[in-house]
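Since the structure comes first, as structure tokens, the remarks are kept for the end.
The values are calculated or read from the model by the stated rules, or taken from the named source; none is laboratory data. Because the structure is a prediction, the values reported are computed rather than measured. Positions of Cβ are backbone-derived with ideal geometry, glycine not excepted, and every protein chain shown enters the neighbour counts.
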Amino acid sequence: MENIDFVNRLINLRKQKNVSAREMSLALGQNVNYINTIENNKSLPSMDGFFYICEYLEITPSEFFAVEVPAPAKVKELAAIAERLPAADIDLLINLARRIK
């Protein structure tokens, strides 16, 4: 993954969480420009910083790099909801997903 791909992934995932770069920086215990510095491709986070970013985004590091899954946190949320549904409702969700595809 190139730096620009990393940056674009971070921007997209942060926007999906509906938080500003400033809010995210502060939530991570960093200065207000921390995420902006990363998103402007001026620096990359440390390994610890990356793990904290993933934790904040509620995804695993592998999910961060799995760009073929555009909204991993939402997929997890959907899976958590589906786990509590009866089998018939899960079948309905599967059929709906196939129709949308």
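Residue by residue, here is whether (1) aliphatic (A, V, I, L, M); (2) at pLDDT below 95 holds:
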{"position": "M1", "(1), (2)": "yes, yes"}
{"position": "V7", "(1), (2)": "yes, no"}
{"position": "L10", "(1), (2)": "yes, no"}
{"position": "S20", "(1), (2)": "no, no"}
{"position": "Y34", "(1), (2)": "no, no"}
{"position": "M47", "(1), (2)": "yes, no"}
{"position": "F50", "(1), (2)": "no, no"}
{"position": "I53", "(1), (2)": "yes, no"}
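List every residue pair whose Cβ atoms lie under 6 Å apart, where the two residues are 6 or more positions apart in sequence or sit on different chains, the first residue falls within the range 37-53 and is at positive phi and in the same structural domain as I11 (by TED's automatic domain parsing), and the second residue, located anywhere, is among the aliphatic types (A, V, I, L, M) and at pLDDT 95 or above.
N41/V7
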